[in-house]
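The values are calculated or read from the model by the stated rules, or taken from the named source; none is laboratory data. What you see is a predicted model, and the numbers here were worked out from it, not measured in a lab. Note: ideal-geometry Cβ built from the backbone for every residue, glycine included; neighbour counts use all protein chains shown.
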Ligand SMILES: [Zn+2]
């Protein structure tokens, strides 16, 4: 019986693997590239973790998954919510496998909370789980097993040294949990995701590039740790198991931050409320909080206060951003990690201003202007393409997407803030995240990695592989017909022609499924916790939160 093991390394890139592998620092990545199929893996637009892992899980585009960012808009209003696995509107591959009687195990994958109640397999929810609870694993008794390994879902820290320590520690804890689950649970398909490389690249990219930093080799050491893990995987791999290593997107240095909302303001599409009033309110609130901090508290209490103050400031700022926009005069606003643009459409939005007959024209106009948004220092375009949502997405949930999707030069990082002191569209210095003692200096790129090793794999480079292709490929490797509503294709170039001849690809006709996941939202505390987690990685700027 054939089995598939998927190791997900969030944000891992060949841009770092290739040079380090040729220096001999990553012998197991090198072994996989020499003896297996491999290639750059195209992520989603935008290459946001929440969107990308859903494409991996379903083999479908965001229009069918119904997830377009880490946040989603509340229908009709201007409030936003954080998404989780329950927001996904279509079946992930582990539910298809379960349906066919196969055991699927999924460990630490983002967008798996709440966990699906599988009949045969098991799930340990990832990044979107508030923590290790009976509700974040399925079956629930796995919680006790994981507690024995001091399992951690996703810690958050406020300085680089704490982050460094924790990245290595959590990698060890999660790897140990992986080996225990691998040993103790039956599986036909097992997926394990490590997030540490993504976090490290967000926080330590600049440190890596400046030679004298004490944290200069954190990223490299973590790649080496992942390589050693792959070495152990390879040494225990039996001949019936195919190994896939994937990342949901790549990573690279952050050049500059760009505020699309500031740009919309400058072009007259977004109208702020009177600044003076808001600025006074903001300064007054900050002054009060600072006075509180400067009172004579014991050091540890001060530290604790400072921490809660960070959250407090975030809330204040978020409130002010919502409050800052005069919706009755605003035609468009940006939201999400890559500034998806929503038209303030009459009849759709609470206080919509744009008549439906002007909708298309306005989209065209904004798109054309955005393509002309240039970095004043280099005169280079910042946005490579602006897509009408229906141009790149298809499916039942396209209408929940932003009206315009921006495809960036991803060295630029999108900022959503409108005002509160940051008046420039471009910011040279990556701004501090939520008063933490570090900056975000690395950001995502459109291409992740794909490696496949085992008897069905044809060694060599594979051109044009996409993240959406992984799910159908994995189903085919396990002998399951590919549902014909998947957008991805079996990566036949990655497979041995002889194997493929013996195992022709089969398809299953399915009705477009309107199959909502377990729609379990967060309670208020949980949502606050997830927001803080996202903010610590610079994923949430000062966006409108309610
Ligand atoms: Zn990611």
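The table below lists the values:
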item: Count of the range 7-28 residues which are touching a residue at least 24 places away in the same chain (Cβ under 8 Å), farther than 14 Å from residue 219 by Cβ, more than 16 Å from the ligand (Cβ to nearest atom) and surrounded by 17 or more Cβ atoms within 10 Å (Cβ to Cβ); result: 1
item: Residue within the range 72-86 that is more than 16 Å from the ligand (Cβ to nearest atom) and farther than 18 Å from residue 399 by Cα present; result: yes
item: Complete set of residues in the range 391-409 that are more than 19 Å from residue 445 (Cα to Cα) and in contact (Cβ under 8 Å) with a residue 60 or more places away in the chain; result: 393, 394, 395, 396, 397, 398, 400, 401, 402, 403, 404
item: Residue in the range 209-222 that is modelled with pLDDT of 95 or more and within 16 Å of the ligand (Cβ to nearest atom) present; result: yes
item: Residue within the range 243-251 that is farther than 30 Å from residue 337 by Cβ, assigned to a strand (DSSP E or B) and touching a residue at least 60 places away in the same chain (Cβ under 8 Å) present; result: yes
item: Residue check for residue 32: closer than 13 Å to residue 226 by Cβ, within 15 Å of the ligand (Cβ to nearest atom) and either without any contact (Cβ under 8 Å) to a residue 12 or more places away in the chain or touching a strand residue (DSSP E or B) at 6+ places or on another chain (Cβ under 9 Å) (or both); result: no
item: Qualifying strands (runs of 3 or more DSSP E) (wholly inside the range 387-460; at least 2 residues being at pLDDT below 95 and within 16 Å of the ligand (Cβ to nearest atom)); result: 412-415, 442-445
item: Residue ID - farthest from residue 462 (Cα to Cα), chosen from residues in the range 224-253 that are within 16 Å of the ligand (Cβ to nearest atom) and buried (at least 22 other Cβ atoms within 10 Å of the Cβ); result: 226
item: For residue 41: the one exception among (1) away from the ligand (no atom under 14 Å from the Cβ); (2) touching a helix residue (DSSP H, G or I) at 6+ places or on another chain (Cβ under 8 Å); (3) closer than 26 Å to residue 475 by Cβ; result: (1)
item: Subset tally (residues that are closer than 14 Å to residue 389 by Cα and loosely packed, with under 15 Cβ neighbours inside 10 Å) for the range 321-358; result: 0
item: Any hit, the range 108-127, residues being farther than 20 Å from residue 178 by Cα, at pLDDT 95 or above and within 16 Å of the ligand (Cβ to nearest atom); result: no
item: Residue 258, sole failed condition from (1) under 30 Å from residue 368 (Cβ atoms); (2) assigned to a helix (DSSP H, G or I); (3) under 21 Å from the mean Cα position of the chain (by Cα); result: (2)
